[in-house]
Structure formats: structure tokens, C-alpha cells
Amino acid sequence: MNKFIRIPSVIFILGLTFTSIRCTNKPDHGSEEHIRQATSMIDDTYLVNADNTPENWVTYGKNYAEDRYSSLTQIHKDNVGKLGLAWALNLETTRGIETTPLVVDGIMFLSGPWSKVFAVNALTGKMIWTYDPEVPGKVGENLCCDVVNRGLALYKGRVFVGTLDGRLISLDAATGKPVWEVLTVDTTKAYSITGAPRIVKGNVIIGNGGAEFGVRGYITAYDALTGEQQWRFYTVPGDPSKPFESKAMEMAAKTWSGEWWKYGGGGTAWDAMAFDPELNLFYVGTGNGAPWDWFHRSDGKGDNLFLSSIVALNPDNGEYVWHYQTTPGDDWDYTATQHLLLSDMEVEGQQRKVIMQAPKNGFFYVLDRQTGKLISAEPYTYMNWATGVDKVTGRPIETDFSRYKNENRVISPGPAGGHNWQPMAFNPTTGLVYFPAHVNSFPYGNDSIWTFKENSRNISTPIAHLPTVTDPNSPTNMNQGQLLAWNPRTQKEEWRVDYPATYWNGGVMATAGGLVFQGTGEGKFIAYDAEDGKKLWETNVGSGVIASPITYMINGRQYVSIVVGWGGNPGIWVRFTEENYPGTIFTFAIDANEPYAGFYKTKPKELIQLPVSATADEITNGQILYTANCRTCHGKMGDNGGSIPNLTYSNEGIFGIMEDIVLKGMFLNKGMPDFSDRLTQKEVHEIKNYILHSANELRSMKN
């Protein structure tokens with residue numbers, strides 16, 4: 001007997017149902033009039049009942065439950081092998097693409113690198129319009145993990161996008177022209193927006209990122225039609241000498257110590273959100289602390305609310321209702337910003353309204369979403385920081401190995417987490433949650449002489465003079481990815497697919513055709529059997545995939561689309577395909593047979609070979625400078641390069657203008673910072689010689 005009930009397309013609002021968007025005297029497909037008619041029907045009632053129009057995909061997570069499950073069945077287990085390319089569109093982008101497209105009546109809307117927005121005819125693959133918010137290139141330095149954007153929101157003929165520099169913009173869906181724009185952040189701080197907005201009861205809700213850079217997290221609701229701010233909920237308390245913004249912040253402040261507010265606090269709500277219209281509760285996942293290190297952030301005391309938590313808010317006014325903290329006193333960048341998923345589930349013979357999450361810390365959680373009380377939590381990946389979760393208190397049971405105050409410790413999972421931002425999917429028929437999991441570790445360290453650096457990364461990294469302690473029980477297959485099929489009722493893995501080459505793979509979609517779709521870091525787009533994980537179809541899309549697929553129907557034909565664009569972290573500096581091609585939308589249908597015209601010939605790469613004029617000390621100093629200023633984006637010597645090139649493979653022309661690039665901001669518009677405030681001409685020369693010296697060493701090793 002099926003023990004799960006998918007959150008229904010609730011028909012309690014005026015008893016309305018929807019089958020499709022239909023217009024009399026329908027205008028030409030893709031015309032302004034067509035787009036205006038189609039998108040103007042996306043209102044509050046439509047969004048509540050989004051599942052009643054399975055031919056469209058109108059919200060980031062498919063519906064308010066965010067289950068990423070489509071009831072379309074034209075593509076199914078028996079015919080998925082006949083999928084072929086219907087069309088492909090080169091977006092002419094070169095950085096990471098994490099977006100989930102939206103589709104309404106055959107018109108696709110998606111975001112790309114640098115917060116650009118695209119409208120595409122999903123029937124033909126032709127571009128309709130593009131919008132560039134012209135984010136300043138220098139903003140790229142304020143981002144931990146590439147200049148990405150995860151998605152958009154649609155409402156009453158408008159498209160909404162959050163930008164990397166902290167703006168929220170409303171666009172006319174028919175033309176791509178701005179309607180209104182608001183600045184949501186303090187621009188003197190290193191805030192950013194990479195997540196998708198959500199529309200709830202006429203408001204567009206957006207969070208922000210930047211915890212490592214010393215910001216204070218919050219989430220804000222704006223009137224979707226006017227842009228007027230309606231409410232704001234802070235996720236961590238500010239300066240206690242000033243009035244608290246709410247009783248929730250007064251409560252939270254009691255769980256902090258020291259002078260945390262001087263470091264921002266963190267807790268940014270940069271991704272996960274969901275909404276239950278029946279309970280009238282809006283759920284948000286919060287992020288890590290600023291800095292990572294608990295001993296510096298809060299004197300090693302207190303739970304530090306609402307870091308690494310699921311928080312339920314009243315969407316009418318933003319007031320706190322309940323919270324559940326997954327990682328009290330977070331010390332490891334164990335965010336709870338990962339996908340939140342709503343469902344109804346039988347627990348001990350009773351139907352419970354649940355919220356599920358697989359956050360970074362490695363436990364899969366099932367909570368009562370009315371109260372926030374823990375129902376169950378079990379590990380889904382290898383971990384050595386905790387042995388379980390106390391069923392009474394809901395707190396993790398930490399190991400003696402977990403905190404790293406006096407020595408470097410290699411802890412699992414690392415900051416990449418057991419699961420990161422890549423979305424999950426839930427199939428109510430199988431009762432399984434499908435998500436990309438990781439097996440990884442990281443050497444954390446506590447720097448006793450650490451000082452806060454505003455608008456710079458404040459994280460815990462190995463300290464050179466401290467011993468490093470490893471875990472002898474760690475698995476040998478570290479740094480690999482998995483696709484897990486997880487049973488949330490039994491809290492057990494039903495099946496899995498291992499990806500030994502990389503832990504960085506794409507998000508997931510499930511369908512009523514018995515399929516699970518996922519792209520991989522090795523450039524494959526794959527359909528699996530939802531019951532047992534058997535591979536049923538695979539195609540090569542050339543570059544690594546980190547985004548999530550969608551499915552929709554036009555004129556009675558079902559399509560599946562994935563937007564391919566390698567990047568993110570670690571995709572900035574390393575790749576697992578032969579080449580890193582420009583961002584491309586690939587769209588598939590049964591018996592389609594368009595050629596893969598979007599592929600490009602592999603470009604042969606050769607190590608740079610120029611004279612090295614430096615002493616051993618200068619090369620060593622260049623290595624130190626490179627590690628401190630360049631490695632985060634360009635990777636270590638010999639990496640093959642991701643969305644940002646590895647400098648050992650640069651050409652002579654680049655080396656000839658390197659001082660202009662580094663000290664004069666020549667490539668600032670591409671996101672390459674101006675380092676004139678941090679590096680001298682002599683230091684740039686030392687970095688150049690270190691790169692050239694490294695290239696020579698790599699060449700001799702290959703020979």
C-alpha cells in the first residue's frame with residue numbers, strides 16, 4: 001500500500017481546477033501578445049494549483065511542495081530509449097549554469113551567469129529576448145562559488161530575478177524590459193544573490209548570500225506588483241546594544257557569545273524555500289556562520305540560532321513560527337540551505353504533514369512541518385563528526401573528533417557537504433526521494449591569531465604549524481558522487497548509482513513515467529528507472545552538468561530540457577570532460593533526431609613555455625602569493641581548468657599583458673579582480689615566474 005501522499009494541487013481555493021492555459025483567438029506562438037496572455041494567468045490561485053497544469057513548469061521546484069515531480073507520462077520507461085535531440089541553443093556563456101528553467105505555454109524563461117535572463121521559444125529553440133542587468137564585474141570577487149544564478153519566478157505577466165549585486169528586478173515577461181528594481185542589500189558589505197525568488201500570496205520573497213564574507217543574513221518579501229518592501233526576517237541577531245528587530249532575534253541572541261555581530265554572524269538564506277498554503281507556513285533554510293570557526297565566532301559557546309536551521313515563518317508578516325536547527329554551534333560550513341521538500345507521510349499508522357531535507361551535515365531529516373518536531377534523522381553518507389541524532393532532543397550526537405580547536409582535523413563531510421544545493425526530487429508512487437550525494441572530507445584548522453577581514457573570506461583552513469589528525473576509518477573512495485534513492489519512511493537507501501570521477505553532479509527530476517533524470521559532471525545526461533536505478537538512456541552533452549532538468553508539453557508532445565554549463569565550486573577550476581563548452585540548452589523528445597550542431601572541436605592545450613628569470617626564493621614567494629590570491633579561482637598547477645582557465649595553459653599573449661590584467665583591471669568585466677590594492681608589480685612578476693616554473697616541471701614530468 002502506498003504510504004505517501006504527494007502534496008496535492010490544493011483545490012480548496014474557490015474550488016477551482018485547471019487543465020491548461022487556453023486563450024481564444026490564440027496569437028502566434030512566441031509573439032508578445034502570446035507571452036503576455038500566457039504569463040498574465042500565473043496568479044496566486046494558479047500557483048497553488050500548479051500541478052493541475054503538468055504541461056507547464058512555472059515555479060523553481062515545480063510546485064509549492066518543491067517536489068520536482070511531473071505527472072506527464074508520454075515519456076516512460078518503455079520508450080525513453082527513443083529520446084532524441086529536438087533542439088539545442090547556444091547561450092554564448094562560459095561560466096557555471098545552475099538554473100532551473102520555467103516554461104509556460106511553450107515559452108521558456110531561464111537565468112544564466114552574471115544574472116542574465118533569457119526568454120526562448122521552447123517549441124523551436126529560438127531566442128525571443130535577453131536581459132542583462134549589467135552586474136559590475138568586480139562583484140565576482142564577492143562570491144564563493146562562481147557567478148551563477150539558480151532561477152526565476154513568474155507572476156502576473158512579470159519575470160523576477162535576483163542579481164549578484166543584490167538587486168531584485170521585475171521584468172515584463174513579453175518584452176524583457178524592466179518594470180521595477182529594488183536594492184535588497186547594503187552594498188558596503190559583500191552580499192550577493194544567487195538563489196531563485198519565490199512568489200507567495202502576492203509577494204516576491206528573496207534571500208541573500210555572503211556569510212563567509214562577514215554579512216548578516218535575512219530574507220525579505222516585496223510586493224510583486226510595486227516592489228514595496230512588506231517584511232524582513234533576520235536569521236541571526238545583530239548588535240545586542242541596539243533594539244532587537246523581533247522577539248525571535250531577542251531569543252536567538254541568548255544562544256550567542258562574544259562579539260559575533262562584528263563579524264556579521266552569517267546565516268544567509270541563499271537557496272532553499274517552500275510554502276504550505278493550507279498551513280499558511282513559509283519555510284526557509286539558513287546557512288553557515290561567519291566565520292566558520294565557532295570558537296572565534298561565538299567563543300565556542302551556544303547554539304547560534306538561527307544558523308544551519310529550517311525556519312517556519314508566517315508569510316503574511318514574516319513572523320517566526322518555529323525552527324529546527326540541524327547543526328547547533330556550526331563549525332564546518334554545514335548549511336541547511338539545501339532543498340526543502342514537502343509531502344504527507346504515514347508515520348506509525350498516522351498521516352503526518354512532513355518537511356524533508358538532506359543538508360550538508362550528512363543526515364536525512366523528516367520533520368513535522370506543522371510543529372518543527374523531529375520525526376526521524378539518519379545518515380545518508382559517511383560522516384565522522386557525529387554518530388546519530390538524539391530522538392528526544394533532536395540534537396546531533398557529536399564525536400570527540402568533531403571540533404578542531406587545537407589541531408587540524410580531517411572531518412567528513414567537508415564544506416561541500418554530503419549534499420549541496422543541487423535539487424532533490426520525490427516520487428509519490430515509489431515513495432522515494434532522489435538526490436545527488438557526496439562522499440568527501442576536509443582538513444579544518446583553528447588559527448589562534450585569526451583576525452576578521454571584512455569583505456574577505458573568513459573560513460577555517462589547515463594551519464601550517466599545527467599537526468593534522470586523520471580518521472583511520474575513512475572510506476578509500478573519497479571525493480566521489482552518488483545518486484541516492486532514499487526511503488524517508490524507513491530512512492534507508494533503496495538504491496544508488498556511484499560516480500567515482502567526481503562528487504559534483506547535477507540536480508534531479510522524477511516523472512510519473514517511472515523515470516529519474518540527472519546530468520553528471522562527466523558530461524552525461526541520463527534517465528534511470530525510478531524503481532531500481534537501472535540506466536535506461538544516456539546521451540553525451542559535452543560539458544559537465546550541475547543544473548536540474550525539467551519536462552513540459554507543447555501541442556501534445558512531451559519534452560525534457562537540461563541547461564548545460566560547467567562551473568560552480570569546484571567547477572571553477574577543474575573539469576571532468578575533454579572540453580568546457582559554452583552554456584547550451586539541450587531539449588529532447590521521443591523520435592526527435594536533430595544533429596548535435598552545438599558541439600565544438602576540442603581545442604588542444606599546451607603548457608606555457610617562456611623563459612623563467614627568478615631565484616628559488618622568488619619562485620617560492622610566487623607560490624605563496626599565488627596560493628593566497630589566485631588558486632581559489634584558477635586552481636592548482638596542472639589542473640585542466642574549469643569555467644576559469646588554469647594559468648599554466650595560458651598563451652604568450654596573456655602573459656604579456658598580465659600586469660595590466662592583475663593591476664589595472666583589464667578583465668574586470670569578466671570578473672577578474674583588480675589586485676592593485678593587494679599586489680605590487682614585483683609580486684605579480686614572482687607569480688608569473690612561479691606559473692612558468694610550474695609549467696616547466698609539469699612538461700618534464702609528461703616527457
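The values are calculated or read from the model by the stated rules, or taken from the named source; none is laboratory data. Only a predicted model underlies this, so the values are computations on that prediction, with no experimental measurement involved. Note that we place each Cβ from the backbone using ideal geometry, even for glycine, and neighbour counts take in every protein chain shown.
Within the range 406-432, the residues that satisfy the criterion of being part of a strand (DSSP E or B), of a type in the set (A, V, I, L, M, F, W, C) and under 25 Å from P467 (Cα atoms) are V410, I411.
From the residues in the range 453-479 that are of a type in the set (A, V, I, L, M, F, W, C) and assigned to a loop (DSSP other than H, G, I, E, B), which one is nearest to the chain's Cα centre (by Cα)? Looking at residues that are of a type in the set (A, V, I, L, M, F, W, C) and assigned to a loop (DSSP other than H, G, I, E, B), I get I459. Total residues in the range 230-245 satisfying the condition of being surrounded by fewer than 16 Cβ atoms within 10 Å (Cβ to Cβ) and within 16 Å of N314 (Cβ to Cβ): the figure is 2.
Name the strands (runs of 3 or more DSSP E) wholly within the range 204-313 that hold at least 2 residues that are at pLDDT 95 or above and within 26 Å of V159 (Cβ to Cβ)? Spell out how you get there, then give the answer.
Details: elements: 218-223, 229-234, 273-276, 281-285, 309-313.
Qualifying strands (runs of 3 or more DSSP E): 218-223, 229-234, 273-276, 281-285.
For R352, the conditions (1) free of Cβ contacts under 8 Å to residues at least 40 places away in the same chain; (2) more than 24 Å from V284 (Cβ to Cβ); (3) among the charged types (D, E, K, R) all hold with the exception of (2).
Of a type in the set (K, R) and within 24 Å of M108 (Cα to Cα) - does that describe any residue in the range 595-618? Within the range 595-618 (the criterion being of a type in the set (K, R) and within 24 Å of M108 (Cα to Cα)), the answer is no, since none of the residues qualifies.
Go through the residues of the range 574-590 one by one and say whether even a single one is at pLDDT 95 or above, outside any loop (DSSP other than H, G, I, E, B), within 18 Å of the chain's Cα centre (by Cα) and crowded, with 24+ Cβ neighbours inside 10 Å. No, the range 574-590 contains no residue that is at pLDDT 95 or above, outside any loop (DSSP other than H, G, I, E, B), within 18 Å of the chain's Cα centre (by Cα) and crowded, with 24+ Cβ neighbours inside 10 Å.
Results for (1) buried (at least 23 other Cβ atoms within 10 Å of the Cβ); (2) in a loop (DSSP other than H, G, I, E, B); (3) not assigned by TED's automatic domain parsing to the domain that holds L225, shown as yes or no for each residue.
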| site | (1), (2), (3) |
| --- | --- |
| L154 | yes, no, no |
| L171 | yes, no, no |
| G176 | no, yes, no |
| G195 | yes, yes, no |
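Based on what the data block shows, is S650 at negative phi and either in contact with a helix residue (DSSP H, G or I) (Cβ under 6 Å, 6 or more places away or on another chain) or β-branched (V, I, T) (or both)? Here the answer is no, as S650 does not meet what is asked. Has the range 40-48 got any residue that is touching a residue at least 12 places away in the same chain (Cβ under 8 Å), of a type in the set (A, V, I, L, M, F, W, C), in contact with a Gly (Cβ under 7 Å, 6 or more places away or on another chain) and surrounded by 18 or more Cβ atoms within 10 Å (Cβ to Cβ)? Checked against the condition, which is being touching a residue at least 12 places away in the same chain (Cβ under 8 Å), of a type in the set (A, V, I, L, M, F, W, C), in contact with a Gly (Cβ under 7 Å, 6 or more places away or on another chain) and surrounded by 18 or more Cβ atoms within 10 Å (Cβ to Cβ), the range 40-48 yields no hits at all.
I need the helices (runs of 4 or more DSSP H) fully contained in the range 605-703, keeping only those with at least 2 residues that are hydroxyl-bearing (S, T, Y). It would help to see each step written out before you state the result.
On the way: elements: 616-629, 631-634, 652-656, 658-664, 681-702.
Answer list for the range 605-703: 616-629, 681-702.
Yes/no per residue for (1) of a type in the set (A, V, I, L, M, F, W, C); (2) surrounded by 15 or more Cβ atoms within 10 Å (Cβ to Cβ):
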{"position": "G445", "(1), (2)": "no, yes"}
{"position": "K453", "(1), (2)": "no, no"}
{"position": "W486", "(1), (2)": "yes, yes"}
{"position": "T490", "(1), (2)": "no, no"}
{"position": "P500", "(1), (2)": "no, no"}
{"position": "G506", "(1), (2)": "no, yes"}
{"position": "A512", "(1), (2)": "yes, yes"}
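Might you check whether a residue that is surrounded by 19 or more Cβ atoms within 10 Å (Cβ to Cβ) and assigned to a strand (DSSP E or B) occurs anywhere in the range 130-140? For the range 130-140, residues surrounded by 19 or more Cβ atoms within 10 Å (Cβ to Cβ) and assigned to a strand (DSSP E or B): present.
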